[in-house]
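Engineer: Supplied in structure tokens, the structure appears directly below.
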Amino acid sequence: QTTARRLGEFLGAEIIKDKGLNCKFIIAEHPYGAPVTERAIPTAIWKAEPAVMKHYLRKWMKNPGMDGDDFDIRNILDWEYYIDRLGKTIQKIITIPAALQRVENPVPRVPHPEWLRRKVRILNDRFQQQSITSMFSVVAKDKSKPKKDDEVESPSV
């Protein structure tokens, strides 16, 4: 069930049929083990009447025993999911480019993925075999023509 369908459940089916539907959602912790798409809850539910909100949250989270503080968005959020997403974003923006530029991890709380650790180990290997072309360099040719012995200028008297 998509978030748009859930939005249509409590706002009315006509809402889904309109073009340009903008549906903001959060990922809930419940039901445990369910795919992320089944744990998506539209944020508009918190703007509904409390009785309607409680009914649909219990239904979507498959947790009929919810009461009191359980309906607070902070208690519903899947914090592990969002922490993991934040960590991956930090990796993409900060730590991976830093590692490829041979800079130590600027955010040690976000560890490098295994593939990047291997790549950094290879880049920093002291015993890595050198390419033979790296041992030679190109010498610029001297463009001035050498003078011949018979063309030696004599001082004028």
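Engineer: Could you grab me the full set of residues in segment 49-82 that are farther than 17 Å from I27 by Cα and under 33 Å from the mean Cα position of the chain (by Cα)?
Structural biologist: D69
Engineer: Are any residues in segment 28-43 open to solvent by 40 Å² or more (accessible area, probe 1.4 Å) and charged (D, E, K, R), and if so, which ones?
Structural biologist: Hits for segment 28-43 are E29, E38.
Engineer: Give me the pairs, please: first residue somewhere in segment 123-142 and over 30 Å from A99 (Cβ atoms), second residue anywhere and surrounded by 10 or more Cβ atoms within 10 Å (Cβ to Cβ) and modelled with pLDDT under 75, beta-carbon distance under 9 Å, and either six or more positions apart or on two chains.
Structural biologist: That search, which allows pairs on different chains as well, returns nothing.
Engineer: Inside segment 110-132, can you point out the residues that are open to solvent by 100 Å² or more (accessible area, probe 1.4 Å) and of a type in the set (S, T, N, Q)?
Structural biologist: Q129, Q130
Engineer: Within segment 44-62, identify whether any single residue is acidic (D, E), farther than 23 Å from L11 by Cα and either open to solvent by 60 Å² or more (accessible area, probe 1.4 Å) or assigned to a helix (DSSP H, G or I) (or both), and answer yes or no.
Structural biologist: Within segment 44-62, not a single residue is acidic (D, E), farther than 23 Å from L11 by Cα and either open to solvent by 60 Å² or more (accessible area, probe 1.4 Å) or assigned to a helix (DSSP H, G or I) (or both).
Engineer: Residues to consider are K62, K119; find the one that is free of Cβ contacts under 8 Å to residues at least 40 places away in the same chain, of a type outside the set (S, T, Y) and on the phi > 0 side of the Ramachandran plot.
Structural biologist: K62
Engineer: So which of D84, D69 ends up being modelled with pLDDT under 80, surrounded by fewer than 16 Cβ atoms within 10 Å (Cβ to Cβ) and outside any loop (DSSP other than H, G, I, E, B)?
Structural biologist: None of the other options fit; the residue is D69.
Engineer: Whether any residue in segment 134-156 is open to solvent by less than 90 Å² (accessible area, probe 1.4 Å), part of a loop (DSSP other than H, G, I, E, B) and modelled with pLDDT of 85 or more is what I want to check.
Structural biologist: no
Engineer: Given the condition small (G, A, S) and at pLDDT 85 or above, answer yes or no: does some residue in segment 96-104 qualify?
Structural biologist: Yes: one or more hits.
The values are calculated or read from the model by the stated rules, or taken from the named source; none is laboratory data. Computed from a predicted model, the values in this text were never measured in an experiment. Counting neighbours? That spans all protein chains shown, and the Cβs are built from the backbone with ideal geometry, glycine included. Areas reflect the complete protein model, heavy atoms only, side chains present, ligands, DNA and RNA absent. Shrake-Rupley method; radii C 1.70, N 1.55, O 1.52, S 1.80 Å.
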